[in-house]
Each structure stands twice: as C-alpha cells, then as structure tokens.
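Visitor: Take this structure, written in structure tokens, and hold onto it; I'll ask about it next.
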Amino acid sequence: MHRSLLHPRTAGLVVTVLVLVVAVLATGVASAARLPLTTPGQPYGTAVQRCATGPATVAASGTPVGGQYTQVTVSGLGGTCTTGRVILATSTGTVLLDATGTLAAGTFTASTTTPFSAPTATTARVFVAGDGWPVAATWTPPAASGPVYPGPDGSAFDTSVTWDLTNATSGQQACFTIRVTTRSTTPIVWSAWIDTTQAPFNGARTGYTLQGDESWKYQLGAPTTAGLIRISGRTDVWQPYDTVVAGQVRTVTVCNFSLPGAVVTPSAYTVSFAQGTWTDREACVVTTVTGNGTSPFYVAWQTPVDMTAAVARLRSAGRSPDAWRYGGDEWRLDRTVVPSLAGPYVFQTTSRTASNIVGTQSFSFSTCVVDR
C-alpha cells in the first residue's frame, strides 16, 4: 500500500484545480460548437507600379562661386513621380549634397546651403529616387572651366586660380597662381592640371617654369598625349607638399614666357562696318572688331573688308578710283589680300600683336578708295 506524498490539504487543492480545468475546456468546446461556418475567401494580390524610370544623369548646375556649386540637376527620368531626391557623394563616401526637388518633364533641380566642389571623376557616387523609388543614375563631371583646373581628386579640396597677363597682348607670355586649401582635418592628396591646348597656352607643351621662393616644393609633370601637364607637391622634401590639410594653403605660380601667341578665335569677337568719309573723291569703310566677353585671354582676329560700295560711290560721281588709302593704325594689322583697282574689291585683314583684343575690347581701322 502506497502512502501519498501530498499533504491532505494539498491533495484536496489539486483535485479542485483539475475540476476547474475540465470545466473550462468543456465550456470552450461548447462555444466552438456554436460558431457559424462561412465560405472561405479567395486569396488575391495587387501590383504597385513604379512611377519613375531611368537611367538618370546628375550634373552640377548654376553658377559656381569660387569654384564651388550649391545645386545639381537630375535629368533623364521617366514616369509620373512628382518629387525627386538626389544624394551626391565622393568616391570615398563623403556626402556633398542630399536634397529633393520638384520633378517635372523628367528633370528636377536640388539645392544645398553648403557649397561643394563638384567631383571631377565619374567615380563619384550618386543616388536618385522618384517618390521613393530608386532609379539607376550616373554622375557627369563638369567640363574643365579653364586651362588650369583641379585634378581627379579635386572634390576633396578647394582651388582658385588668378592670372597675370602682363605683356600678354602678344599672347606670348602668361603666368598664373593656383591656391589649394581644404576643410578636411585629414591630409588630402591634391593635384591640378594645365591644359596646354587652351588659350593662353595655344598648344605650347614646353617652356613652363615654377616661380617664387617656394617653387622647389612643387613639381610639373611631363605633358600627356592629350597635352595635359600635372601640377603637384613634392614628396621628397622635409615636409611633404603633396598633401593639404585644414589650415594649410598650397600656393604655386607657373609662368611661360615663350607661348606661340594669340590665335584667331572667331567665337570671341564680332565685326561691324560703317561709312567713314563718303565724298565724290574719297569713300571710306570703318571696320570695328569687338570682343564679346567670352575670352579672358588675348585673341587674334581676321575679317574681310568689302570696298565694292565705296568704289561705286566714286564712279557714281564720274570719278576713277586710282589708289587705296589706310588710316593711322595700318601698322597694327596685316592686309593679307589687297585687291587691284580692277576688282573684286575685298581686302582680307588679320590682326598683329598690337591689335589683338581681350574681353570686350574693340579695335577700329579705316580702308579708303580715293581719286587723286
């Protein structure tokens, strides 16, 4: 006969709990029996259509100040999205811009209050989305804004260039000073490039020299096949100058005193003609060449001068034109084609050193036909 290990009071409590559990289970079964039965529903799904398609391109836009931008423009998007977002970062992941803009006709512009140096390499990172939908995108580096510009790693530092064109009317001398700074507290490797194909260098690949007391701290590379010369700091000096960190400024001056001279650049100027002296015995045409402000460097010019109307003026008065006469500035230009008095009466003229122009400068000269 087995003796219970439970105290009499404990045994009674266990019996009571078991009775309660059986009662609850019985109630649950009875309630379940009274639940109404319904026909099971059919499963269904919905598809959400992407509202933006690509690929998109991202490029710096607006007018840079000190070489830095505050906005980008995203284009190439399709679909019906209304809000675009773009994130621009360097190849190492430093975010330069994270902003949104109103998306219309496949394009939107996004701005930031923090100016940034636009990456000059396609390896910059971009993220584009329309109403939250990611879209494939690529970065388009800005075109070189001048003949001297930051190297491929230029997004990490700030660069400014100033020019000294003393005695540059011939286009044969030019100096520039480049200043490199950064806000990075970690040293950044910097570089810059000289594009020798652009004015004022006009194809010169030799003759470049470093100037100033600290010129020995810098170096110029050999020209590439594309005519580019790299400017960088030296690494073999007591304090390496190939890097720059916050609080430092790298200042480099480069000159070339043997450039080939200004070249004829039709896109940089306009030509106008007006009547000068207009009598029975002398008829003159005044030619004015005016820079349109697109070139900060001296350019040469070339233009034809048509004297047909001037000859006709003398003949209408019964005169016989027998000579050409020029103004006092004749020494400043070349008349590469001088017509005979038998016609046709078109001069071809080209500037010399003394009549090259820069910016919005003008140069005027007269061409006359006379009856002596």
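Visitor: Give me the 1.4 Å probe accessible area per residue for the stretch 162-266, excluding ligands and nucleic acids, in Å².
Guide: Ligands and nucleic acids excluded, the result is 49 Å² per residue.
Visitor: Tell me the volume per residue, in Å³, of the convex hull enclosing the alpha carbons of the stretch 258-314.
Guide: 96
Visitor: If you don't mind, another one. How big is the stretch 259-372 on each of its three principal axes, counting only the C-alpha atoms and giving the largest first in Å?
Guide: 50, 22, 22
Visitor: So, how do all the Cα-to-Cα distances of the stretch 318-358 break down into 10 Å bins, in percent, from 0 on up?
Guide: 24, 46, 23, 6, 1
Visitor: Normalised by the empirical 2.2 N^0.38 Å for globular proteins, what value does the Cα Rg of the stretch 198-340 take?
Guide: 1.76
Visitor: Of all the accessible heavy-atom surface of the stretch 234-372, with the other protein chains kept in place and a 1.4 Å probe, what percent is carbon and sulfur?
Guide: Ligands and nucleic acids excluded, carbon and sulfur give 52 percent.
Visitor: I'd like the distance separating the alpha-carbon centroids of the stretch 339-370 and the stretch 103-119, in whole Å.
Guide: Taking the Cα centre of each part, the stretch 339-370 and the stretch 103-119 sit 47 Å apart.
Visitor: Here's something else I'd like to know. Using modelled backbone amide H atoms (1.01 Å from N, in-plane), which distant-in-sequence or interchain residues come within less than 5 Å of residue 269's amide H?
Guide: 292
Visitor: Order 238-247, 252-261 from most to least packed using the mean count of other Cβ atoms within 10 Å.
Guide: The packing order, highest mean first, is 252-261, 238-247.
The values are calculated or read from the model by the stated rules, or taken from the named source; none is laboratory data. No experiment lies behind these values; they were computed from the predicted model shown. No Cβ is skipped: glycine too gets one built from the backbone with ideal geometry, and neighbour counts run over all protein chains shown. What goes into the accessible areas is simple: the full protein's heavy atoms, side chains included, and nothing from ligands, DNA or RNA. Shrake-Rupley method; radii C 1.70, N 1.55, O 1.52, S 1.80 Å.
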